[in-house]
1. Evaluate the distance, in nm, between pseudo-label points positioned 7 Å from the Cα of R278 and of Q228 along their respective Cα→Cβ axes.
2. Say a paramagnetic label sat at a point 7 Å from the Cα of R4, along Cα to Cβ; which residues of region 564-592 have their backbone N under 11 Å from it?
3. Place a label point 7 angstrom from the Cα of K592 along the Cα-to-Cβ direction, then list the residues of region 554-578 whose backbone nitrogen is under 18 Å away.
4. Taking the alpha-carbon set of region 662-734, what are its Rg and Dmax in Å?
5. Using only the Cα atoms of region 641-703, what semi-axes does the equivalent ellipsoid have when each is the square root of 5 times a gyration tensor eigenvalue? Give whole Å, largest first.
6. Over the chain, calculate the relative contact order: mean separation of alpha carbon pairs under 8 Å at least 6 apart, over the residue count, as a percent.
7. Separation between the K126 and D204 pseudo-spin-labels, each 7 Å from Cα along Cα→Cβ, expressed in nm?
8. As I understand it, the dipole of region 659-781 uses +1 on the Cβ of Lys and Arg and -1 on the Cβ of Asp and Glu, about the Cα centre. Which of G667, Q702, V766 lies farthest toward its positive end?
Amino acid sequence: MAQRFVGTPIKRREDPRLITGYGKFVDDIKLPNMVYAEFVRSPYAHAKIKGIDVSECKKHAGVLLVVTAKDLEDRLRPLPQVKVEGVKEFNYMPLAKDKVRFVGEPVAALVAIDRYTAADAVELVKVDYEPLKAVSNVEEAIKPDAPILHEEWGSNIAYHKVEFNIGDVDKVSKEADIIVKEKIKLNRTVSAPIEPRALIADYDPSQETLTLYHQSQHPHAHRTMIAQTLGIPENKLRLIVKDVGGSFGLKAHIFPEDIIVSILSMMLRRPVKWVEDRRTNISASVHDREQVDYIEIAAKKDGTILGIINKCISDIGAYHAPPYAAAPVQSLTNFLLLGPYKIRNFYAEHTSVVTNKGPEGAVRGPGMMQANFLMERAIDLVARTLDLDPADVRKKNIVKSEDLPYKPVTLSWVATADLYYKDVSCFEALEKALKAINYEELKKEQEELRKKGVYRGIGIACLIEPTAFGARFIEPMGVPGYDAASIRIEPDGKVIVLVSSSPHGQSLETTYAQVVADELGVSFEDVHVIYGDTSVTPYGMGTSGSRSGAVGGSTCIVAARKVKEKVLKLASHVLEARIEDLEIKDAKVSVKGVPSRGVTLKELATLALLNSDKLPKGIEAGLEATVRFQCDEPITWSNSTHIAIVDVDAETGQVKLLKYLVVEDCGNMINPLVVEGQVHGGVAHGIGQALYENIVYNEDGQILNPSFMDYLLPSAVEIPDIEVLHVVTPSSTNPGGFKGLGEGGAIVSPAAIANAVEDALEPFGVKVTELPISPERVLKWIKVSKR
């Protein structure tokens, strides 16, 4: 069928309401009789709770309710955690009772008539703490004399496993011409969406129902988990998600506040709102990325990589953010470390460790950014050791089209035979990027600039990105591997699409309408997409893991095709023509070649819905279908190459991004405008990771930069021009030929920038082994290299 809308850069239909102030975010919602919750949070990273005195707080004018863990003993259950073999379980309670393990952990909650009263009343709760020694360094935490966070474990190790032992790394290490060893430290960051967490719980005692106005990426799965944790029937709980001001993984989790605010509403029998402040968002929501890796690369003189050893120590904070267990997310580091390269010998260990920091969880590309950074830095380390061009080392080792389908050794280790790299263009994307950036001329220009004291660097990084994870990988984490869509044609011929996806910036109201409009032969304007209400939309996964196009979009295709079958069947009866002789165009079904002989969708829908007694036998009333779909394979692979060009001021340590190029292969594009927006946003996120962002704790577990005064994010000024080019290799895993791409920019850009900075500072012999690349750190590296 001819496509009129898919592949067209249509402007987002979400934007007019958002830029004119008509967006509906949680804090915009004001319900009758609504009151406000606030939390008393620990100022200590590690302490025993000897007692909590709420008497003065209860007396404060405007305070309606104050609760502690002891007050709610009959109601509180541990937050949900997926059970994984070999991973120790947390007993993470919504309110700490006997002990706190990180600064910001909630120990009490209160409700007041307004937010100001609630904030003031927090200061009146007196908590008697007995401070304990804290540990905020992940390598110190695994020492025998380290203070133990969870006494029942006997240590701070939540998980330790040899995750891969493939081939013979000892043998190839002996055969290698060089062994490159490096310790690489990655920084702790937070997702920092423009809209922090927020929640309204509205209990209706007459119906015994609880409605949560939420921001969840997984409304249906979260309804299941929250209902279980609250001990209420799932059909009595409703989640409503309206506009969401970004998430980047944050809102894929279950939080203490979700449970406590719900309980407070049930106790007071009235709506209770809670809105997170930025300090809490940075200190006590979800962190990611921080780990220490000891990597060894065995290589030949020509740059062929023979084998890799990696020993990863991940810092998961005091808890892993529910519902995920302490290992699966971070284990993606070793699982994906080999990237798009043909490496057959691999040994990898992973130790997951608790420290007195905020919980760690999923932030855009969790585990994946770490894996890509390690591999792409490894390529450049090998190239510099051998005095080879990093581009040539990549070409030597990268998967080429003639290698496809290619089975990486890590996939052989963890999954059955149906997992391969396929439908990718790793080598082609690299070649296209090098040509587009005019690489050889840039290298010549770089040499001339160095003679003038200008230190310019060119950084390359390649990515093969796992997207659209299916049930095998996702369902062990507590969410379904499929998405769902219900599509129906109304009596006036207009189309309604109800989806399980839950967007927070992915433009799904636009892209899903494009897909459905093409399939049903209607105009884009005649398709209305509804999401984010568990009482209306069908049960499905939601939105995360770069899946909304490949899985959600394909679900819409399959559902629309089922509706189309019903339309054609009914039209065949009305027009007395064979189905195969019919076509749908401009909301009208007509006989091919005889456009005058036709019937409109409005006429067919009116017949199907309002004159059902006239329907022939075997045709049911209505034109609608509900479908659940997941891709034909557990992973749909996309790929890209990024090139960053930087100047580094050797006197100030300042890094200036001059240009950034991306060659992306995300298969068929539903909307190129949306694709480029996703790439731009991801790269901006990665620039923060590479150059600015870092949650800093002192040795006592105190966070030193819990606000945007000190936790640095890039602004529009720091983002260079980003050019996006494409290679289009349609995916064979879904009917649309789509692939995911939402996380890719954030995954690969830190490595491209780090490689560029190291390339710029090559005359000084600097190695980039730690993020962020701050001016102070650059100057330190230069100083050390001069010794």
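1. Between R278 and Q228, the simple spin-label model gives 3.7 nm.
2. Output list for this probe position: 584-588.
3. Zone members listed by number: 564-573, 575-578.
4. Rg and Dmax of region 662-734, Cα atoms, are 17.5, 52 Å.
5. 31, 19, 8
6. Working: 1917 pairs, mean separation 125.7, N = 787.
Here the relative contact order equals 16 percent.
7. Simple spin-label model gives 4.4 nm for this pair.
8. Value computed over the given set: G667.
The values are calculated or read from the model by the stated rules, or taken from the named source; none is laboratory data. Here the structure is a predicted model, which is why all the values come from computation and not from measurement. As a convention, Cβ positions derive from the backbone with ideal geometry for all residues, glycine included, and neighbour counts pool all protein chains shown. The accessibility values were calculated without ligands, DNA or RNA, using every heavy atom of the protein model including side chains. Shrake-Rupley method; radii C 1.70, N 1.55, O 1.52, S 1.80 Å.
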